[in-house]
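The values are calculated or read from the model by the stated rules, or taken from the named source; none is laboratory data. Keep in mind the model is a prediction, meaning the values are calculated, not measured. Ideal geometry is used to build each Cβ from the backbone, glycine not excepted, and the neighbour counts take in all protein chains shown. Side chains are part of the model used for accessible areas, which takes the heavy atoms of the whole protein and leaves out ligands, DNA and RNA. Shrake-Rupley method; radii C 1.70, N 1.55, O 1.52, S 1.80 Å.
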Amino acid sequence: MASKKNYRILVILIIIIIAAVISGILFYLWGGTPFRKDLRRFSQSSYDSVFLSMHSTAGFTQEDFADYHGLNTLLSSYEIQSMDELNHYFQNIFSSGNPVNHVFLLLDPDLIRNTCNREDSKWDKALQDGLFSYVSAHPDVNFEIMLPYPSLNYWLGLEPTVLEDILSAYHTFIEDAYIYANIRTFFMGFENWMLINPDNYISDFVTNADITKKIFLTCFCDGGNQITPVNEPILFNMLRELVARERYTPTVYPDLSDRCLVFFGDSVTAYGESSTTIAGYVTGFTDALTYNYSVGGSAASTESTDIKDFPNILSEFFEEYCTEENGACRFSPEDTDLSDKKLYFILNYGLNDYFRGAAVENPKDPYDITTYTGGLRSCLEECMTRFPDAEFIIMTPTFTEYFSYGADHNSDIGGSLIDYVDAAKALAEELNIYCIDNYRDLKIDESNIWDFTADGCHPNEEGRIMIARQLIELLDKL
């Protein structure tokens, strides 16, 4: 009896062990971990390209890859931690039967080196046996590889020797990758405009959606900021110099968290709600609360109630965002309580008035809204009446390459660009309000206009930073 009992126990134990092994295998293959779930997606989905990342893919979208590349791209949702994990993705991708033609990859060489105990020989072997083996095995697949672009605060939190160690890892990877014809490597991490605004970042390695899209467009679409052994020293030195400058002589901005700034203007101050607008930089640098009602293509003058020009924009502003209380006007966007903040109105018009050939003024009617100063004067005085405790700042139009650098007259009644600049300054003096002369004070001219504009007119990120700093300097004095 004992023998039969022992036999049954042995059989039960064997069954339990087999079941445990099978369960373990199934869990390994189809387990519920984020890593395994993601691998399963890459095994079962249909696609012709992939985007894999060692940091969060937040902000990158399948729609952008489809719209700008015409590719059905599957994005990883798991943050890949090592070359071993990346290899599992490649195994699933290239055995899935999908006709893959592009592999987009946000690769962190330093993170890979950490998983190799920072031993150069192990790190080199991991890359050669991993990523580069797949690159060699699939010469018809384009590997578009982006290096990380962490925030300035991240770099400042590291010892200088650690920064150099990380850049050394980037350097080694770039040199190794350069020999493969089907690899292109990109680096955005030296861009001053991106690193210096903390509001561009959600975390040290993750930018907000607007910045992420710009990175996507710049690198993966336009091929910009491609890094090679030739330009690498220049770009890395730009990063080193920025970090060193901010480490030893940091830029200090005033705390303007007690201010609320309301922007009206054209495309110079527009750019939606992005953190790289002029308003966005002011908020990022000073914590001022900003509301941007600028509209691209708008002017201070208007000839129709149907056109999105300042007089009509202001009417909508009063109707939608302002309430009357005890005979006074209160700005209350989304029912936000702004009672503890000083209110400022920032006006930036003139370029489109000049481009259209609108009259600078009407000597017979100073409130003629079909003229530049008439539109500004009418709107300003209405705002000043409704908000007697607010401050008002006019910014003059900026220098432009258009129309012979602003020298042409675009109609029989219009003037040259400098006429609108001087009219804005004169109106500010007349109404006893503040004026920033962006035309002269920014020092932009024919020799450097392409350093600060995207198209000879609209300021690029560096140009918008300059304007934001001009405004912050005035606000600090006030």
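Computed quantities for the displayed model
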| quantity | calculated |
| --- | --- |
| Single condition ASP129 does not satisfy, out of (1) more than 30 Å from MET466 (Cβ to Cβ); (2) open to solvent by less than 10 Å² (accessible area, probe 1.4 Å) | (2) |
| Search result, residues across the range 184-224 that are β-branched (Val, Ile, Thr) and open to solvent by 40 Å² or more (accessible area, probe 1.4 Å) | ILE202 |
| Residue in the range 343-355 that is more than 19 Å from ALA423 (Cα to Cα), in contact with a strand residue (DSSP E or B) (Cβ under 7 Å, 6 or more places away or on another chain) and either modelled with pLDDT of 85 or more or open to solvent by less than 30 Å² (accessible area, probe 1.4 Å) (or both) present | yes |
| The range 410-463: number of residues that are more than 33 Å from the chain's Cα centre (by Cα) and among the small types (Gly, Ala, Ser) | 7 |
| Some residue of the range 74-88 being closer than 19 Å to PHE216 by Cα, hydroxyl-bearing (Ser, Thr, Tyr) and without any contact (Cβ under 8 Å) to a residue 40 or more places away in the chain | yes |
| Subset of the range 102-121 [loosely packed, with under 15 Cβ neighbours inside 10 Å and either charged (D, E, K, R) or in contact with a strand residue (DSSP E or B) (Cβ under 6 Å, 6 or more places away or on another chain) (or both)] | ARG118, GLU119, ASP120 |
| Residues of the range 68-91 classified as closer than 15 Å to ASP48 by Cβ and of a type outside the set (A, V, I, L, M, F, W, C), total | 5 |
| Number of the exception - ASN117 against (1) assigned to a helix (DSSP H, G or I); (2) more than 30 Å from PRO99 (Cβ to Cβ); (3) not acidic (Asp, Glu) | (1) |
| In the range 196-223, the residues that are small (Gly, Ala, Ser) and more than 15 Å from the chain's Cα centre (by Cα) | GLY223 |
| Strands (runs of 3 or more DSSP E) contained entirely in the range 127-239, each with at least 2 residues that are without any contact (Cβ under 8 Å) to a residue 60 or more places away in the chain | 142-146, 183-186 |
| THR277 under 21 Å from the mean Cα position of the chain (by Cα), among the β-branched types (Val, Ile, Thr) and farther than 30 Å from LEU338 by Cα | no |
| TYR170 being within 23 Å of ILE215 (Cα to Cα), among the hydroxyl-bearing types (Ser, Thr, Tyr) and open to solvent by 60 Å² or more (accessible area, probe 1.4 Å) | no |
| Residue list for the range 297-315, restricted to those being surrounded by fewer than 18 Cβ atoms within 10 Å (Cβ to Cβ) and within 17 Å of PHE331 (Cα to Cα) | SER315 |
| Helices (runs of 4 or more DSSP H) contained in the range 378-478 and holding at least 1 residues open to solvent by less than 30 Å² (accessible area, probe 1.4 Å), in contact with a Cys (Cβ under 6 Å, 6 or more places away or on another chain) and of a type in the set (Gly, Ala, Ser) | 417-431 |
| Qualifying residue in the range 179-186 (condition: closer than 30 Å to ILE467 by Cβ and modelled with pLDDT of 95 or more) | yes |
| Meets criteria (aliphatic (A, V, I, L, M) and either touching a His at 6+ places or on another chain (Cβ under 7 Å) or farther than 17 Å from VAL268 by Cβ (or both)) for ALA424 | no |
| Considering residues of the range 144-195 that are of a type in the set (Gly, Ala, Ser) and over 16 Å from the mean Cα position of the chain (by Cα) only, the residue nearest to ASN101 (Cα to Cα) | ALA181 |
| Pairs, first at positive phi in the range 293-316, second open to solvent by less than 20 Å² (accessible area, probe 1.4 Å), C-beta under 7 Å, six or more apart | GLY297/ASP266 |
| Failed item, numbered, when ILE215 is tested on (1) closer than 19 Å to ASP108 by Cα; (2) out of contact with any Ser or Thr (no Cβ under 8 Å at 6 or more places or on another chain) | (2) |
| GLU241 vs. criteria open to solvent by 60 Å² or more (accessible area, probe 1.4 Å) and modelled with pLDDT under 95 | no |
| The listed residue being closer than 27 Å to VAL135 by Cβ, touching a helix residue (DSSP H, G or I) at 6+ places or on another chain (Cβ under 9 Å), crowded, with 16+ Cβ neighbours inside 10 Å and charged (D, E, K, R), out of GLU175, GLU232 | GLU232 |
